[in-house]
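Peer 1: Just passing along the structure, written as structure tokens.
The values are calculated or read from the model by the stated rules, or taken from the named source; none is laboratory data. Bear in mind the structure is a predicted one, so any value in this text is a computation, not a measurement. Neighbour counts run over all protein chains shown; Cβ positions are idealised from the backbone, glycine included.
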Amino acid sequence: MAQLVDAFNRKITYIRISVTDRCNLRCVYCVPSCGTISTLPSNELLQFDEMLRIVKVAAKMGLNKVRITGGEPLVRRGVVEFIAAVNKIDGIKDIAMTTNGVLLKNYAQALKKAGLRRINISLDTFDPKKFQEITKGDCFDRVWEGILEAERVGFDPIKLNVVPSKGSNDNEIVDFAKLTLTKPFQVRFIEFMPVDDWESWKKSFISKAEMMEKIETALGKLEPVINEKDKSAPAKNYRLHGAKGLVGFISAISEHFCDTCNRIRLGADGRIKHCLFSESYIDFREPLRNGCDDAEVERLLCSVMETKPEAHNIDINAESRKYLHSMTQIGG
Ligand code: SAM
């Protein structure tokens with residue numbers, strides 16, 4: 001069987017699956033500035049059995065890690081059973097989820113039982129009022145309870161995804177880093193990526209270097225921690241002296257890590273995107289619905305390998321502008 005190796009000799013072992021394009025929040029950095037996200041009619045969303053077909057074939061070709069994302073993955077009915085089914089696929093060693101945490105308190109135990117290994121929860125502020133401004137949802141307490149419940153049922157590590165933005169939550173960067181002194185969490189600062197307004201994105205953008213400076217000025221040196229287990233992991237991790245947890249940075253803009261990219265993204269619409277920023281994709285939904293066999297799924301995955309670009313080329317100083325057109329469909 002062919003292996004998932006792209007034209008630049010990168011081994012692809014990881015798929016991110018956006019199981020829905022629906023979300024129960026409307027985060028300002030995710031939703032376009034018009035404030036609305038278009039959602040697909042339900043018959044155009046990939047069904048779980050169709051996702052499983054793709055993962056089963058890909059696992060025979062070297063895939064070993066699946067991340068469930070969205071939209072908000074916990075709003076899709078049947079997601080726990082889907083995780084249990086992914087967990088049974090030969091070759092899949094790791095299943096993770098990225099969630100906004102709103103529904104996590106109710107789901108954490110069931111997710112753990114279904115075989116979810118790791119969980120990333122998005123949280124951009126500790127201030128309930130600012131939480132509402134950023135997400136348009138009045139549910140900071142529910143998210144925090146969800147995080148504590150995930151810790152209680154034994155998810156380890158718990159990763160918190162923070163997207164810092166100037167003039168919004170940049171005054172909390174140090175507080176987030178401070179949390180790692182007392183909690184064994186990995187706080188991961190994700191560099192803000194452009195959604196649809198280039199000029200305001202440029203004004204709000206904070207680089208990894210700026211964030212590190214703020215943290216080190218307030219809390220002392222961040223010592224690098226090398227992830228020996230996963231050299232393709234996008235986060236570069238650090239530890240504050242004596243801290244229980246880690247501080248990580250995903251510097252997709254200022255220091256992109258495309259040369260170690262090991263992932264592809266299956267959108268809620270059944271298209272595999274080559275890269276978070278690329279316009280190109282390969283559609284799996286129609287072939288699957290037309291009754292294609294596993295050999296055809298393998299052939300389509302090989303086409304993804306042949307056409308995956310070398311790098312995303314987003315540059316804050318560049319004239320050519322690229323946006324994350326449909327974060328809710330491709331899942332970040
Ligand atoms: N609803 C889930 C959540 O909120 O975690 C999963 C989907 S969300 C699109 C996945 C991740 O993408 C989140 O951690 C979010 O913070 C991140 N994200 C969304 N828009 C972003 C942007 N413009 N720049 C950087 N990260 C972004």
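Peer 1: Kindly state which strands (runs of 3 or more DSSP E) lie completely within the range 183-300 and contain at least 1 residues that are over 27 Å from Pro41 (Cβ atoms).
Peer 2: Where strands (runs of 3 or more DSSP E) fall fully within the range 183-300 and carry at least 1 residues being over 27 Å from Pro41 (Cβ atoms), they are 186-190, 222-225, 236-240, 246-250, 263-266.
Peer 1: Can you list residue pairs whose Cβ atoms sit under 6 Å apart, with the first residue in the range 192-206 being more than 10 Å from the ligand (Cβ to nearest atom) and the second being of a type in the set (S, T, N, Q) and at pLDDT below 90? Count only pairs 6 or more apart in sequence or on different chains.
Peer 2: Within 6 Å, the pairs are Asp197/Ser33.
Peer 1: For the structure I just gave you, tell me whether Arg77 is free of Cβ contacts under 8 Å to residues at least 40 places away in the same chain, of a type in the set (Lys, Arg) and either out of contact with any Ser or Thr (no Cβ under 8 Å at 6 or more places or on another chain) or within 16 Å of the ligand (Cβ to nearest atom) (or both).
Peer 2: It is true that Arg77 is free of Cβ contacts under 8 Å to residues at least 40 places away in the same chain, of a type in the set (Lys, Arg) and either out of contact with any Ser or Thr (no Cβ under 8 Å at 6 or more places or on another chain) or within 16 Å of the ligand (Cβ to nearest atom) (or both).
Peer 1: Within the set of pairs 6+ apart or on separate chains, which have a first residue in the range 23-39 that is at negative phi, a second that is surrounded by 10 or more Cβ atoms within 10 Å (Cβ to Cβ) and at pLDDT below 70, and C-beta atoms under 6 Å apart?
Peer 2: Between residues of the range 23-39 that are at negative phi and residues that are surrounded by 10 or more Cβ atoms within 10 Å (Cβ to Cβ) and at pLDDT below 70, the close pairs are Cys23/Thr328; Cys30/Met327; Ile37/Thr328.
Peer 1: While we're looking at this one, here's another question. Return the residue satisfying two criteria in turn: it lies in the range 125-174 and is in a helix (DSSP H, G or I) and of a type in the set (Val, Ile, Thr), and of such residues it is surrounded by the fewest Cβ atoms within 10 Å (Cβ to Cβ).
Peer 2: Val174
Peer 1: Any idea which residue in the range 16-38 is farthest from Leu300 (Cα to Cα), counting only those that are within 19 Å of the chain's Cα centre (by Cα) and either polar (S, T, N, Q) or more than 15 Å from the ligand (Cβ to nearest atom) (or both)?
Peer 2: Checked the range 16-38; the qualifying residue farthest from Leu300 (Cα to Cα) is Asn24.
Peer 1: Looking only at the range 84-107, which residues are out of contact with any strand residue (DSSP E or B) (no Cβ under 8 Å at 6 or more places or on another chain) and either free of Cβ contacts under 8 Å to residues at least 40 places away in the same chain or of a type in the set (D, E, K, R) (or both)?
Peer 2: Selection gives Ala84, Ala85, Lys88, Ile89, Asp90, Gly91, Lys105, Asn106, Tyr107.
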